[in-house]
Amino acid sequence: MTPPEAYDLRRTVRGLMVPGGDPCAAIADGSFRWAARTPDGPGTLALRREAGELVAEAWGPGAGWLLDRADAVAGLCDDVTGFRELAAAHPLLDRLARDHRGIRYPATGLLFPHVLRAVLEQKVTGREAHHAYRAIVRHFGEPAPGPVPLLLPPDPAAVAATPYWTFHPFGVEQRRTQALLRAAAVAAAIQRCADSAAATARLVSLPGIGPWTAAEVVRMAFGDADAVSVGDFHIPNTVAWALAGEPRGTDERMLELLEPYRGHRGRVCDLLAAGGVVAPKFGPRMPIRSFARF
């Protein structure tokens, strides 16, 4: 595969990995390896740069499925048409779009692994959520195909059949666990959604899953550059500060400021994050908790 100019594989696929160590994915020796449960069975995909090209290799029963979608997983199907012209209207976005032009949106085509991560990230710090994710993956851990020791993401059927109290020692309280179990029970129906809009509608119909969680899922599963994480604690403030100089913003104000960038509204939010743009902070940081001790 031939990547676009300035393409950055590492930063493109970074969103597919949980920070601090992901049992299902790794970057080593310039190669990104990602374990997945495909409709054809388990598989592992490897992506690496080689003489200016992007090379894909895969193992396991799902290898063919992964290779057919390797370009999308690598972000090569991300359509950035017109975005640079939109970004040029705002000096900050114009600079960020140039500085981070190598980042593209992956589109994995698989929904439940992103549902798992997004549900765990609801209303807690990243550190808490990522600890719980690693613990859950290892609990359900099945070795992934291929030469690198990775684990497959949990089987939704196995998750759906697991009682709540199993998740408590992982630091996940009943509210998030119940949302996860509901999603796992209908994972096959969610996976059949043909596009981002259908998946969003299906997800938000489930108790415990709202617009924020759905946006986090479809941005990675479908490469939806317009998905905005409405309900986030920080993003409305960041957008209001970056685009209007306002230190605080509501979801409504955020969407108003993002409207000129429709089609790429999520991309704008991610560019601000990539550029380290943050609104002024006035309050204490959220404490690190452990529901496992409650």
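Numbers for the structure displayed
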{"read-out": "Overall form of segment 32-158 per C-alpha gyration tensor (a/c, 1.5; a/b vs b/c)", "value": "oblate"}
{"read-out": "Accessible-area ranking of T250, T108, largest first, probe 1.4 Å", "value": "T250, T108"}
{"read-out": "Probe 1.4 Å, all protein chains present, accessible-area order of F222, F282, largest first", "value": "F282, F222"}
{"read-out": "Base-10 log of normalised Debye intensity for segment 161-286 (one unit scatterer per alpha-carbon) at q = 0.10, 0.15 Å⁻¹", "value": "-0.39, -0.81"}
{"read-out": "Largest to smallest principal axis extent of the C-alpha atoms in segment 188-237, angstrom", "value": "35, 25, 12"}
{"read-out": "Net +/- balance of residues flanking A279 in space, Cβ distance below 11 Å, scoring K and R +1, D and E -1", "value": "+1"}
{"read-out": "The chain: C-alpha gyration tensor shape, a/c 1.5 cut-off, then a/b vs b/c", "value": "oblate"}
{"read-out": "Euclidean distance of C-alpha centroids, segment 36-89 and segment 157-231, integer Å", "value": "23 Å"}
{"read-out": "Stretch gain in nm, segment R248-A6, where the contour uses 0.36 nm per residue and the Cα spacing is subtracted", "value": "83.7 nm"}
{"read-out": "For the chain, with +1 on Lys and Arg beta carbons and -1 on Asp and Glu, the positive-most of V115, A51, A198 along the dipole", "value": "V115"}
{"read-out": "Charge dipole magnitude, Cβ of K and R +1, D and E -1 - segment 204-271, Cα centre, debye nearest 20", "value": "80 debye"}
{"read-out": "Order by protection proxy (mean Cβ within 10 Å, highest first), peptides 143-155, 191-203", "value": "143-155, 191-203"}
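The values are calculated or read from the model by the stated rules, or taken from the named source; none is laboratory data. Please read these numbers as outputs of a predicted model, since none were measured by experiment. When we count neighbours, we look across all protein chains shown, and the Cβ atoms used for this are built from the backbone with ideal geometry, even at glycine. Note: areas computed on protein heavy atoms with side chains; ligands, DNA, RNA excluded. Shrake-Rupley method; radii C 1.70, N 1.55, O 1.52, S 1.80 Å.
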